[in-house]
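**Student:** Below is the structure I would like to discuss, written out as structure tokens.
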Amino acid sequence: MHAFHHQTHLHIPHCLESLKKDINGIYIIHSIRGFVFSLFGIFIPIYLLTLGFSISMVLFFFVVRQLAILSTNFFVGMIANRLGLKHTMLISLPLSLIYLLLLPVLDSFPNLYLFYGLAIVSGAQAALYWVPMHSLFARSTKTGSRSSQVGKLISFQHIASMLAPLLGGTITLFYSFEILFIIAIILLLIPIGLLLYTPEIKPHINFSFRRGFKLLKKYKRHYYLTCSEIIGGTTESVLWPLFVFLVLKNEFSVGVIGTLLGVGTVFFSLLMGNKANQANRSKIVKIAALMLAIVWISKFFAESSIVIYALSVASGFFVIMFSVPHTAETYALAKKEHDIDEFIIFREIPITIGKVSLLLISTLFLSKINLAFIITGINFLFVFFI
């Protein structure tokens, strides 16, 4: 067995050999997955809307999805202990395939069981991917260069997926959502092969609710920032695409804003990674929060395509300015604690509070969905003043 492994090892291409270095493997797999999900992710709210589901039901879809993420998170530790972190990520990919296969079925059988079942499957696959990914990345980062490594993680993903929303919008415009989902399914097979090649890491997660809630109390400011960040992310990924679709009346425009958001993040994320290594992370986050507050309040008044596109680029810049130093701090705190995975798992509680609260509040003013942009702006103003 060892001899066979040694023989095959000699003939592996250099690009695959680099996967054996944890940080390189994470960059490559995360970038490919990011491209695939960027092809269709921004269109999911629009797709559900075009099938005849109401805006409130679309928002409830994402509420159920987030609750499924939180619930699955508490089982991820047990799965990772038994199978390892990378095999746990591997389980997420077949679930992603099931999700993509069933999305077109919803067009023919638009019933609530399948509708909310898809939300649960989507949430489960997300938890099975993100928890081990964060855990692996926290283990692989180095103290002196953590922010720049986070910048690379984000920028490499966005470089890979920058044109994906535009490509996805073009496919839906000239073909259909079904063709888009089929292409995504085929491309999603690539990370499966790469994950099978990378070496495994088996953690020893000793999960405790008591210890987890102590973490929430100990790092309450950090978790509050996480909650605020996810409020912005949810508005960007769910409510903003819905608003753009309702104002500009076509899927292609939604693809354009997704690509412009990517353009706004790519090079700035590398720059911010280097700056956040040198500068005060808290100060950078505060400045970013103030700028995001201005951008989101401006989005409330957006009506023309030019303004919408310009604000999408601005969002990309300032989201990265907030996200890179805050994410670097997340990995630093996780590595500092007794159990990295426990820190990552309990992080999902403030994420769920932020996302679910925003979506439920948004159902109260469906005829004026852009009021959510004001709420998001006020949310970032609070971050600036704390």
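**Student:** For segment 236-251, give me the residue count where each residue is crowded, with 17+ Cβ neighbours inside 10 Å, at pLDDT below 85 and either polar (S, T, N, Q) or closer than 14 Å to PHE40 by Cα (or both).
**Tutor:** Residues that pass the stated criteria total 1.
**Student:** With the checklist (1) touching a residue at least 40 places away in the same chain (Cβ under 8 Å); (2) at negative phi in hand, flag the one item GLY52 doesn't pass.
**Tutor:** Evaluating GLY52 over (1) touching a residue at least 40 places away in the same chain (Cβ under 8 Å); (2) at negative phi leaves (2) as the failure.
**Student:** Looking at segment 96-105, can you tell me whether even one residue there is under 17 Å from the mean Cα position of the chain (by Cα) and either under 11 Å from LEU128 (Cα atoms) or free of Cβ contacts under 8 Å to residues at least 12 places away in the same chain (or both)?
**Tutor:** Yes, the conditions are met somewhere in segment 96-105.
**Student:** Mind listing just one residue for me: the one in segment 94-110 that is farther than 16 Å from PHE37 by Cα and among the hydrophobic types (A, V, I, L, M, F, W, C) and, of those, surrounded by the most Cβ atoms within 10 Å (Cβ to Cβ)?
**Tutor:** LEU106
**Student:** So which residues in segment 362-374 are farther than 17 Å from VAL319 by Cβ and among the aliphatic types (A, V, I, L, M)?
**Tutor:** If we filter segment 362-374 for residues that are farther than 17 Å from VAL319 by Cβ, which is where we start, we get 362-371, 374.
Scanning segment 362-374 gives LEU364, LEU366, ILE369, LEU371, ILE374.
**Student:** Right, here's the next one. What residue, of ILE42, ILE46, ILE26, ILE69, is part of a helix (DSSP H, G or I), farther than 23 Å from GLU348 by Cβ and touching a residue at least 40 places away in the same chain (Cβ under 8 Å)?
**Tutor:** ILE46
So that you can scan it fast, the table gives a plain yes or no per residue for (1) of a type outside the set (S, T, N, Q); (2) modelled with pLDDT of 85 or more; (3) over 22 Å from LYS355 (Cα atoms); (4) in a helix (DSSP H, G or I):
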residue	(1), (2), (3), (4)
SER96	no, yes, no, yes
LEU101	yes, yes, yes, yes
LEU114	yes, yes, yes, yes
VAL121	yes, yes, no, yes
LEU128	yes, yes, no, yes
VAL131	yes, yes, no, yes
LEU136	yes, no, yes, yes
ARG139	yes, no, yes, yes
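The values are calculated or read from the model by the stated rules, or taken from the named source; none is laboratory data. Because the structure is a prediction, the values reported are computed rather than measured. Glycine gets a Cβ as well: all are built from the backbone with ideal geometry, and neighbour counts include every protein chain shown.
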